[in-house]
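Structure first, then comments.
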Amino acid sequence: MVEMDAVSSNVISLQSVSKQYGNETVVRDVSFNVQAGECVVLVGHNGAGKTTLMKLMLGLTRSTSGSVEVLGGDPAFSASVAQHKTLGYLPESVAFYEAMTGVEVLRFYAHLKGATNLDCEKLLEMVGLGDASKRRVGTYSKGMRQRLGLAQAMIGDPQLLFLDEPTTGLDPILRRHFYELIDGLHKQGTTSIISSHALSEVEARADRFVIMKAGVMVACGTLDELYQQVDLPVQLKINVASGEASVIAERLGSDIDINKVNNQSFCLSCSSDEKMPLIRRIAELGDAVQDMHIIPPSLDEVYSHFMKGDQS
Ligand code: ATP
């Protein structure tokens with residue numbers, strides 16, 4: 001997690017933001033800050049308000065109430081247009097002129113953004129489209145269009161990147177390549193806001209998560225902070241010598257919640273408060289324990305906890 005002065009390094013600040021379409025409130029009283037260099041992931045069911053939040057931060061729509069501040073200004077006002085050059089946006093659905101080649105598309109967007117001296121071929125190389133740069137976009141696969149969308153978002157080295165479900169349509173290798181690109185941008189100080197349904201994919205990559213449920217922010221924090229809020233059990237997996245698992249598990253005592261015993265290992269479940277005392281007891285077993293893995297709750301479990309009771 002990025003450690004910085006919380007006041008001065010906020011690049012985004014949302015205070016009690018609500019958005020209504022007609023009579024429907026699709027974002028309700030949401031507040032959070034994003035610090036420079038952070039990677040914040042927005043998660044939530046379909047229709048939870050993730051894209052609307054992005055559009056509010058991009059100035060593509062205005063809040064009904066509350067304040068949105070991005071890079072020190074309100075992104076919905078034209079006076080802040082200069083700031084837009086420092087923003088990159090990959091929308092959920094990317095659509096390009098089919099008759100243009102990849103490199104022509106990038107030049108077109110670079111022109112719109114006022115990015116001069118941009119090496120579009122190099123940008124296409126970065127996203128793995130070097131060989132297809134002179135092919136018409138109409139001949140691109142879904143994954144290739146998605147990568148062209150990412151290249152478009154990266155035009156002009158944006159300070160802030162908004163990526164709405166960026167890995168949709170990418171195969172596993174391309175997904176990994178995509179996150180390597182994002183990691184590289186973070187090392188240069190880029191801040192990113194990513195909306196995603198791929199929880200296992202973003203789990204280890206985000207600094208913080210904003211969990212949305214029907215327009216309401218139900219949680220915001222690092223994975224560790226979210227673990228503490230939900231207090232889900234931690235699993236410990238103990239490896240022992242072949243045939244010893246049952247005997248050693250019994251030596252630990254009957255008060256412990258032991259499950260999944262097999263020939264060479266067994267699993268324990270405990271609350272986060274019980275974890276360290278339990279680890280000390282396991283250490284007392286000495287050489288009988290060959291290895292131990294601590295398995296915290298997954299983001300998927302944390303997310304399901306916050307969504308409990310939601311039938312949508
Ligand atoms: P998904 O995961 O499906 O992309 P999301 O979390 O991004 O969903 P939003 O696209 O922000 O959700 O939509 C939130 C709610 O706002 C939905 O009920 C949607 O129908 C509604 N909505 C979005 N844009 C508009 C609009 N322009 N006019 C009316 N309602 C809208």
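Can you give the convex hull volume of the alpha carbon atoms of the range 233-296 per residue, in Å³?
Cα convex hull per residue, to the nearest whole number: 69 Å³.
Ordering Glu284, Glu38 by how much accessible area each has at a 1.4 Å probe, largest first, what is the list?
Reading off the accessible areas and sorting them downward yields Glu284, Glu38.
Take the range 131-182, drop everything but the C-alpha atoms, weight them equally and run the Debye formula without solvent; then report log10 I(q)/I(0) at 0.25, 0.30 Å⁻¹ to two decimals.
The computed values of log10 I(q)/I(0) come out as -1.09, -1.30.
Can you sort His177, His197 by 1.4 Å-probe accessible area, starting with the largest?
Heavy-atom accessible area, descending, gives His197, His177.
For Lys187, go through the aspartates and glutamates and keep the ones whose alpha-carbon is under 15 Å away, minus same-chain ones fewer than eight residues off.
Of all the aspartates and glutamates, those that pass the test against Lys187 - Cα under 15 Å, at least 8 places apart if same chain - are Glu3, Glu38, Asp157, Asp207.
Highest mean first, what order results for 117-124, 68-75 on Cβ atoms within 10 Å?
So the order, starting with the most tightly packed, is 68-75, 117-124.
Can you tell me the accessible area per residue over the range 233-296, all protein chains present, probe 1.4 angstrom, in square angstrom?
That works out to 59 Å² for each residue.
Given the pairs Lys275/Lys308; Lys19/Lys113; Lys19/Lys50; Lys19/Lys55; Lys55/Lys122, which span a C-alpha to C-alpha distance of over 18 angstrom in this model?
Exceeds cut-off: Lys275/Lys308; Lys19/Lys113; Lys55/Lys122.
Quick one: accessible surface of Ser63, probe radius 1.4 Å, all protein chains present, in square angstrom to the nearest 10.
Its heavy atoms expose roughly 40 Å² to the probe.
Hey, if we sort Asp164, Asp300 by accessible area with the 1.4 Å probe, largest down, what's the order?
Ranked from most to least accessible, the order is Asp300, Asp164.
Set the Förster distance to 41 Å, then compute FRET efficiency between Lys260 and His111 from the Cβ-Cβ distance, nearest 0.05.
0.10
For the range 71-141, what percent of Cα pairs sit more than 15 Å apart?
Value for the range 71-141 (Cα pairs over 15 Å): 62 percent.
Kirkwood Rh and Cα-based Rg: tell me the resulting Rg over Rh for the range 4-228, rounded to two decimals.
With Rh from the inverse mean 1/r over Cα pairs, Rg/Rh is 0.96.
Ignoring ligands, DNA and RNA, what percent of the accessible area of the chain is carbon or sulfur (1.4 Å)?
49
The values are calculated or read from the model by the stated rules, or taken from the named source; none is laboratory data. Worth saying up front: this structure is predicted, and the values here are computed from it rather than measured. All Cβ positions, glycine included, derive from the backbone under ideal geometry; neighbour counts span all protein chains shown. These accessible areas exclude ligands, DNA and RNA; they are computed on the full protein's heavy atoms, side chains included. Shrake-Rupley method; radii C 1.70, N 1.55, O 1.52, S 1.80 Å.
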